[in-house]
Amino acid sequence: NAGVTQTPKFRVLKTGQSMTLLCAQDMNHEYMYWYRQDPGMGLRLIHYSVGEGTTAKGEVPDGYNVSRLKKQNFLLGLESAAPSQTSVYFCASMIAGETQYFGPGTRLLVL
Amino acid sequence: AQSVTQLGSHVSVSEGALVLLRCNYSSSVPPYLFWYVQYPNQGLQLLLKYTTGATLVKGINGFEAEFKKSETSFHLTKPSAHMSDAAEYFCAVSGGAQKLVFGQGTRLTINP
């Protein structure tokens, strides 16, 4: 049981490049979330999903897209990366009413 | 809407001293409250949570927190700090649709 895993662990992008971050969970959780963590700002919700095939916007969705084609995977896409998207990205998953379990994070640097 | 304020972005205590990390929340519905810990270069790990019932909640690693509705607070305490407690701590409140709203975090430093 690996829990929540994130791929890649670290990435450097140039402004304007695109990339996809992958989150996978093997706990059969319905809910999945993408957060970004910036110094002094805690974690802010980017997008989330309440089930396979559904997604919704969080607090800071601009510049990101997501997809949940399979229950166990939640993808976060950056179509045209900007330096303001330099951050640490965390994925989490949960069963309704329970606790969110977090992945180890992806560090993204946009030059 | 829900919000969380953590008082003090940095807290420093001596090994063996009391740890007190402050959290105040705002919620339009009865809140679920959480404390998470983040060690360097790692994800977040749940320390404890309050949903309903007993207002004093015990968590892992000797931490506990008390839900005080009248003060809208959920402060985290540990009677005796250990060097291994050095980490960043996040308070969170459950918003609608099973979402969490986090405070800005408090970095705890333990002095030998």
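The table below gives the values:
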quantity: Summed residue charge, Cβ within 12 Å of A:Leu21's Cβ, Lys/Arg positive, Asp/Glu negative; calculated: +4
quantity: Fully extended contour minus Cα-Cα distance, from B:Glu64 to B:Val29, at 0.36 nm per residue; calculated: 10.3 nm
quantity: Backbone N under 14 Å from the A:Asn65 label point (7 Å along Cα→Cβ), restricted to the stretch A:6-29; calculated: A:18-21
quantity: The stretch B:6-112: GluC sites (Glu not before Pro) in DSSP loop, at most 15 other beta carbons within 10 Å; calculated: B:Glu15
quantity: Reciprocal mean inverse distance between Cα atoms of the stretch B:43-85 - Kirkwood radius, Å; calculated: 11.4 Å
quantity: Label point distance in nm, A:Thr86-A:Glu52, each placed 7 Å from Cα along Cα→Cβ; calculated: 4.0 nm
quantity: Inter-label distance, nm, simple model (7 Å from Cα along the C-beta direction), A:Thr15/B:Gln104; calculated: 2.7 nm
quantity: Mean projected area (nm²) of the alpha-carbon convex hull when the protein assembly as shown is viewed from all directions; calculated: 12.2 nm²
quantity: Contour excess over end-to-end distance, with Cα ends at B:Asn111 and B:Leu56 and 0.36 nm allotted per residue; calculated: 17.0 nm
quantity: Where N is the number of residues in the stretch A:37-104, Cα Rg divided by 2.2 N^0.38 Å; calculated: 1.13
quantity: Relative contact order %, chain B, counting alpha carbon pairs below 8 Å whose residues are six or more apart; calculated: 38 percent
quantity: Sparse-neighbourhood loop sites, trypsin sites (Lys or Arg not before Pro) in the stretch A:7-64 - DSSP loop, at most 13 other Cβ within 10 angstrom; calculated: A:Lys9, A:Lys14
quantity: Compactness of the stretch B:1-103 - radius of gyration and Dmax, Cα, Å; calculated: 13.2, 40
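Read-outs throughout are calculated quantities, based only on the coordinates presented, and are distinct from any laboratory measurement. Predicted model only: the values in this text are computed from it and were never measured. Every residue, glycine among them, receives a Cβ derived from its backbone with ideal geometry; neighbour counts consider all protein chains shown.
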